[in-house]
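The values are calculated or read from the model by the stated rules, or taken from the named source; none is laboratory data. As the structure is a computational prediction, the values presented were derived from the model and not from experiment. Because the Cβ atoms are built from the backbone with ideal geometry, glycine has one as well, and the counts that use them run over all protein chains shown. Side chains are part of the model used for accessible areas, which takes the heavy atoms of the whole protein and leaves out ligands, DNA and RNA. Shrake-Rupley method; radii C 1.70, N 1.55, O 1.52, S 1.80 Å.
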Amino acid sequence: MNDLFRGYNLRDYNKNVRCFFMFGVPLIAGMMIQALLYNLYLTRLGFQEDLIGQLVGLGPIASGLFAIPTGYVSDRIGRRPFLLATAGVLFTTQVGLATLSDPRILLILSFLAGTSGAFLWVNHVPFLAENAHPERRAQAIAIWMSLQAITRMVISLVAGCLPDIMVGLTGANPDLPGPYRYALYVGVGLCLISVFPLLGIERGGRRPEPTEAEADEDAPFPTKEFAAYGSISICRGASMGFSFPFFNVFLQQDLDTSTALIGIIFFAAQIVTVPATVMAPAMARRLGTVKTIVPTRIIGSISLAFLGLTGNLWEALILVLIGATVEAITTPTEMTFATQVIPRKYWARIQSVRVTGFQIPSGIASVTAGFLIVRYGYWITFALAGALRMTSAFIFFFAFRNTKEKRPEDELPA
């Protein structure tokens, strides 16, 4: 048990890491309110899944297009400007998305909002990896993933009730857009609050010295690893685009679930991710990264494929919980593994490739899924999502099954 929780004391990390965690909590909270309620808000504006798919898809496409330039520029000027831009862009675009209703303007705003994804997801792992000591890097990433899970868990429960709260405060009809719009404004405010912890980040402050392997500036470009991670990200991104953006609409339209109950389901999904994320580094130490990721991800792919076939809410809940657990174990493990097999000088670039490979297919899949759902139903998109996630597991296995791992976390002090 002590092995499981080594390295999880926040006092073991420097000011920059702690400020990043404080930035992430309100930002993720604001993003979660948007993710849970915005599609339901759009249905009350009279939009169907085809337009919802386009709106959802443009954000990841923008993230993918901006990811590689973001990686190169952030290597030169640092991560802090991009983290500030993340909060600024989200605040500005979410105000417009929650206020305006012209489809053309909403499409533009969705694209612009997507750039924030590149700024955040390209820089979060390099920032933590650069500011945390090598022996605590896996734990720093796991803490960040856990904070995301806890924040989403709490906000899922609260956000599902926000429209009803707004109905009580304003007396508006719950079937009209108004209560959902006011709830979305709460998320806007949280994005604004996230700016303040970033002001405490020390630019050019003291950072842990890189290990000898990480400091090798003559390390050759890891072509095989880049190709593998790019392919894995394409499959995972497309899988996400075919499934996750439509979970809430699927639950409400196909399974006749209330908004408050959808919030509880999302809450339950986040509950299981917290212990799973905390467990992930210990699992990888004991089993190895490949034996942790591959079978776990295969289980998740099967549960995702079956989700579109169920007509029972309890079965859907179990399948959602399995999928959430799988992602909580495999995602931080895969991120940490990248910092072990790829030289330090390429960290931002591999993260750029991962984000581009994930986000653009995710956006394209969401746009495609909207049309497929209108014509065939949800079963086909969830089946495609499951098949793509399984493919990513096989790619990881064949690419890294013979890789010898470097595990500096084994040297953590007792």
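Numbers for the structure displayed
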{"item": "Any hit, region 351-363, residues being within 25 Å of Ala284 (Cα to Cα), touching a His at 6+ places or on another chain (Cβ under 9 Å), in contact (Cβ under 8 Å) with a residue 60 or more places away in the chain and part of a helix (DSSP H, G or I)", "result": "yes"}
{"item": "Given (1) buried (at least 17 other Cβ atoms within 10 Å of the Cβ); (2) closer than 27 Å to Ala113 by Cα, number of the condition Phe371 does not satisfy", "result": "(1)"}
{"item": "Matching entry among Phe23, Phe91 (being open to solvent by 10 Å² or more (accessible area, probe 1.4 Å) and either outside any helix (DSSP H, G or I) or farther than 27 Å from Gly377 by Cα (or both))", "result": "Phe91"}
{"item": "Among the candidates Ile108, Ile150, residue that is without any contact (Cβ under 8 Å) to a residue 12 or more places away in the chain, of a type in the set (A, V, I, L, M) and part of a helix (DSSP H, G or I)", "result": "Ile108"}
{"item": "Failed condition for Gly308, given (1) under 17 Å from the mean Cα position of the chain (by Cα); (2) over 19 Å from Ile395 (Cβ atoms)", "result": "(1)"}
{"item": "Residue match in region 20-28 (condition: among the small types (Gly, Ala, Ser), at negative phi, at pLDDT below 90 and within 15 Å of the chain's Cα centre (by Cα))", "result": "no"}
{"item": "Some residue of region 148-164 being surrounded by fewer than 23 Cβ atoms within 10 Å (Cβ to Cβ), over 29 Å from Cys19 (Cα atoms) and modelled with pLDDT under 95", "result": "yes"}
{"item": "One residue from Leu100, Leu51, Leu42 being free of Cβ contacts under 8 Å to residues at least 24 places away in the same chain and open to solvent by less than 40 Å² (accessible area, probe 1.4 Å)", "result": "Leu42"}
{"item": "Scan of region 364-385 for residues that are of a type in the set (Gly, Ala, Ser), assigned to a helix (DSSP H, G or I) and more than 18 Å from the chain's Cα centre (by Cα), ordered by number", "result": "Ala369, Gly370, Ala383"}
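This table checks each residue for (1) outside any helix (DSSP H, G or I); (2) buried (at least 18 other Cβ atoms within 10 Å of the Cβ); (3) touching a residue at least 60 places away in the same chain (Cβ under 8 Å); (4) out of contact with any Lys or Arg (no Cβ under 7 Å at 6 or more places or on another chain).
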{"position": "Phe267", "(1), (2), (3), (4)": "no, yes, yes, yes"}
{"position": "Pro281", "(1), (2), (3), (4)": "no, yes, yes, yes"}
{"position": "Arg286", "(1), (2), (3), (4)": "no, no, no, yes"}
{"position": "Ile293", "(1), (2), (3), (4)": "no, yes, yes, yes"}
{"position": "Gly311", "(1), (2), (3), (4)": "yes, no, no, yes"}
{"position": "Leu319", "(1), (2), (3), (4)": "no, yes, no, yes"}
{"position": "Gly323", "(1), (2), (3), (4)": "no, yes, no, yes"}
{"position": "Val326", "(1), (2), (3), (4)": "no, yes, no, no"}
